[in-house]
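Heads up: the structure comes next, in structure tokens.
The values are calculated or read from the model by the stated rules, or taken from the named source; none is laboratory data. On a predicted model such as this, the values are computed, not experimentally measured, just so you know. Here the Cβ positions follow ideal geometry from the backbone for every residue, glycine too, while neighbour counts run over all protein chains shown.
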């Protein structure tokens, strides 16, 4: 197995920062000596499982493999004591999809579904930039039991202890929240204190996925039948668009930026400029006129217009919450939306999957989501 990066702080969530401990490598319960604060000095080293779906959501939820769980092997973990965790035990184990350190005082919340298990997948957290050396906040999505308006959801989320900001996500009856690691203990206390929460999810990472050309899906036959996108507007959720490209001149009907302020390309709500390239690539496949190549490289629907939602930043990365917010907006604009992006594998219960189901039922929108670029070996 490929050696994994050494972690200076694998625990970046309000829960992990509070809960993580360390023990022996045979998987038995042991006295914890792990992190007790947002700046705790835990250090772990892991070897990652061999998996091809690290960065992409596996969209086919019909096939499931049995979960294979094993304790950590010697050499997969180095541990150093934190503070304030002497009375806590934990279980450390590896599954096909990650490496987990589950503290005893969070086990019940994970078992009952209050806490997302990914909050304790230290391999995923380290691999996706949640460490203290990368961010001072933890992004989470909180879902509430009682349905509420967008304004009420945002207000309830902002009222949670240590919540720096919130964005309402009514399609999943929740909100995106950034939690300060310095006061993560307060947030955890609020979660335990009965705030009407249904579940707290890690706000996972998504990234742009590769695409194929129009010829592979028989587009020339569709053109011959007169199906060229005339009168249709197609939504795209991606890295934005280069509207100055000759193939995309006059194509953008409406546009909006959903990248979080402070992230690359996220400081201007109306700026959907593509500084990565992937969104422009997708836009040209969908609706490129072929003007720059005398028609040779025109898109599948060359006469269609585009509704652009920039949810992936200038590095091609984004969050579940930004994608959900973009989906909510696109559902009010168009009837079909391209999402050439992906995140961690899912069983179909995560917030993005919930949003797909809710928005499709509510608006009749067809979300065309990337699948097949990654996944487990047969």
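Things worth noting here:
- Annotation note: of 294, 287, 311, the sole residue that is touching a strand residue (DSSP E or B) at 6+ places or on another chain (Cβ under 8 Å) and farther than 24 Å from residue 137 by Cα is 287.
Okay, residues lined up against (1) at pLDDT below 95; (2) more than 23 Å from the chain's Cα centre (by Cα); (3) over 30 Å from residue 225 (Cβ atoms); (4) outside the structural domain of residue 233 (by TED's automatic domain parsing):
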{"residue": "266", "(1), (2), (3), (4)": "yes, no, yes, no"}
{"residue": "291", "(1), (2), (3), (4)": "yes, yes, no, no"}
{"residue": "294", "(1), (2), (3), (4)": "yes, yes, no, no"}
{"residue": "309", "(1), (2), (3), (4)": "no, no, no, no"}
{"residue": "316", "(1), (2), (3), (4)": "yes, no, yes, no"}
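- Count of the stretch 174-203 residues, restricted to those that are within 22 Å of residue 135 (Cα to Cα) and under 22 Å from the mean Cα position of the chain (by Cα), is 15.
Residue by residue, here is whether (1) in a helix (DSSP H, G or I); (2) out of contact with any helix residue (DSSP H, G or I) (no Cβ under 8 Å at 6 or more places or on another chain) holds:
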site: 255; (1), (2): no, yes
site: 259; (1), (2): no, no
site: 264; (1), (2): no, yes
site: 280; (1), (2): yes, no
site: 292; (1), (2): yes, no
site: 300; (1), (2): no, no
site: 315; (1), (2): no, yes
site: 324; (1), (2): yes, no
site: 344; (1), (2): no, no
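- Residue 125 satisfies every condition listed in (1) in contact (Cβ under 8 Å) with a residue 60 or more places away in the chain; (2) assigned to a loop (DSSP other than H, G, I, E, B) except (2).
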